[in-house]
Each structure stands twice: as C-alpha cells, then as structure tokens.
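Data block below; observations after.
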Ligand code: SF4
Ligand code: SF4
Ligand code: FES
C-alpha cells in the first residue's frame, strides 16, 4: 500500500477524478475516497483487499508529468492527484482449447507471437502492484520455460497494469495465465485427492447435507455458523511478542 500523505488523517484534500475536483479525507484509499465523493462502484471494485485485480488505476501527482499505476483499494489518496480507474484493460487475448494443446513453449509463441517484441525495459515489473518480476516471466515465456513462467507469475491478479505500461504492447497477464493453465494441465501431476472429491460430489455424497442446510432458517444458520469447528481463540495469557505480526 502506498504511504499516506503527510497531511493529518482527518484533513480534506483535493483529488481530481475524471477531471472533476472532489475534497476527500486524506486517510482514505482511492476506492473509499470515490465512495465518499458519491460514486458507486458498479465496475472497478471486487474484493476491496488487493486480490481481485478489478480496480487498476492510473494517476498523476501535481507538478509531475509521470503517470503512475496502482490498485484503487490499496493506494491512499494524495493531495492534487489526478486519477482514472481502469476496470478493464482491452489487451489482446488469444482463444484456445486447452485439450488441443500439449503444453510447449512453441504453443505460447504461436498464440502470442508479440512476446518476441519485448525490449527488456522492465516497466511492467515496476508497475506491478503484486511486486511480480513481470519482465522475468515474459523472458521465461520467450524461452519456452512454461513451468518457470507459471511459477513466477503465480500471484498475478490480472489487473492489466503491466500491459498499460508496456511500450511493446505486450499482454503479459494473458501470456502468464496461459502458462499457468498449460502447466496445470500438462506440467504437473493430476491431483488425486481432487479427482476423488469431484467424484464424491458427482456421486451425490453432499446432496443430502446441502438440502438440509437449505431448509434451515436464517437464525438456525447463524447458530450453526457460530458453533462451527474453528481455530481456538488466543487468550491474553497465550500472547507473545512474536504474535504481534499477526495483529
Ligand atoms: S503481472 Fe500484470 S496483471 Fe498481473 S498483477 Fe502484476 S501488473 Fe497486474
Ligand atoms: S514493459 Fe513490455 S517491453 Fe518492457 S520488459 Fe515488460 S514486457 Fe518487455
Ligand atoms: S477491489 Fe479487488 S484488487 Fe482492488
């Protein structure tokens, strides 16, 4: 998360959204500031916690020509910032049937031949809110290292901000998800326990418990939720300074 500005938390600061000025509390994230200003997020907002990738935002600070990118739910407003939320990035996306592929680097290159235009500028990595080494996974994709590209891009939230900064017009996030899908389908062993669980579901093992749940009232469901099996709560006596990192 970017650091709050040096203004006090309750102070109102001006921001410019789509060119229009709003005074908003200095402590708010861009997402909350826009709600404070009266906007309702129909698109451009999902998890509110930095994992869905729906709130990619382009902004510029006053007296600077530089365009910056970040997630609206994770970036605190700064006085005078001009911003625009970009819920969808219209990058190229190839279509494929995973069952007709075999998981080779040549297939990635055929679906995204533009990967070879990468000039190694690293703008993509610098703009990534997940601190992913985007340029590295693109290099792995270019080399045909599918498993490597899948591993390096594992935390990608598909926000598209890397692509928005790319002078070669790459669609890094779509290349990355192709690598992860190929790796999952052809690179790593099938998960036996998952196959077994899917079979249990299709055989109807959970039909009756689900029907039972659906027949309960809201109050009964609340009681069930409260009495569910859960991690034991920590008491004050159990607490050690090492636990501070979890607070
Ligand atoms: S790799 Fe690109 S799409 Fe994925 S999280 Fe980073 S900036 Fe967003
Ligand atoms: S921004 Fe584009 S050209 Fe630059 S390193 Fe990333 S993928 Fe390559
Ligand atoms: S709302 Fe999901 S990443 Fe910001």
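The values are calculated or read from the model by the stated rules, or taken from the named source; none is laboratory data. This is a predicted model, so every value here is computed, not measured. Please note: Cβ atoms are built from the backbone with ideal geometry, for glycine as well, and neighbour counts cover all protein chains shown.
Worth a mention:
- Any hit, region 175-189, residues being near ligand 2 (Cβ under 10 Å from one of its atoms) and at pLDDT 95 or above: yes
- Some residue of region 133-155 being at negative phi, within 16 Å of ligand 3 (Cβ to nearest atom) and surrounded by 21 or more Cβ atoms within 10 Å (Cβ to Cβ): no
- Restricting 58, 76, 108 to residues that are within 16 Å of ligand 2 (Cβ to nearest atom), crowded, with 16+ Cβ neighbours inside 10 Å and not assigned by TED's automatic domain parsing to the domain that holds residue 159 narrows the list to 58.
- Condition met for residue 150 (touching a helix residue (DSSP H, G or I) at 6+ places or on another chain (Cβ under 6 Å), away from ligand 1 (no atom under 12 Å from the Cβ) and closer than 18 Å to residue 89 by Cβ): no
- Residue in region 157-172 that is assigned to a helix (DSSP H, G or I), more than 7 Å from ligand 1 (Cβ to nearest atom) and either assigned by TED's automatic domain parsing to the domain that holds residue 57 or under 19 Å from residue 111 (Cα atoms) (or both) present: no
- Apart from one condition, residue 53 fits all of (1) under 29 Å from residue 143 (Cα atoms); (2) away from ligand 2 (no atom under 16 Å from the Cβ); (3) surrounded by fewer than 13 Cβ atoms within 10 Å (Cβ to Cβ); the exception is (3).
Here is a yes/no grid of residues against (1) away from ligand 1 (no atom under 15 Å from the Cβ); (2) modelled with pLDDT of 95 or more:
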| site | (1), (2) |
| --- | --- |
| 69 | no, yes |
| 72 | no, yes |
| 81 | yes, yes |
| 88 | no, no |
| 117 | yes, yes |
| 121 | no, yes |
| 128 | no, yes |
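- For residue 59, the conditions (1) assigned to a loop (DSSP other than H, G, I, E, B); (2) farther than 21 Å from residue 177 by Cβ; (3) within 16 Å of ligand 3 (Cβ to nearest atom) are fulfilled apart from (1).
- Selection count where residues are surrounded by fewer than 23 Cβ atoms within 10 Å (Cβ to Cβ) and away from ligand 3 (no atom under 16 Å from the Cβ), scope region 123-132: 3
- Under the condition of being without any contact (Cβ under 8 Å) to a residue 12 or more places away in the chain and touching a strand residue (DSSP E or B) at 6+ places or on another chain (Cβ under 6 Å), the residues counted in region 11-34 number 2.
- Test for residue 140: is it assigned to a helix (DSSP H, G or I), within 30 Å of residue 22 (Cα to Cα), within 13 Å of ligand 2 (Cβ to nearest atom) and in contact (Cβ under 8 Å) with a residue 12 or more places away in the chain: no
- Residue match in region 53-65 (condition: within 14 Å of ligand 1 (Cβ to nearest atom), in contact (Cβ under 8 Å) with a residue 24 or more places away in the chain, under 24 Å from the mean Cα position of the chain (by Cα) and at positive phi): yes
- Once region 21-50 is narrowed to residues that are part of a loop (DSSP other than H, G, I, E, B) and surrounded by fewer than 16 Cβ atoms within 10 Å (Cβ to Cβ), the residue that is farthest from ligand 1 (Cβ to nearest atom) is 38.
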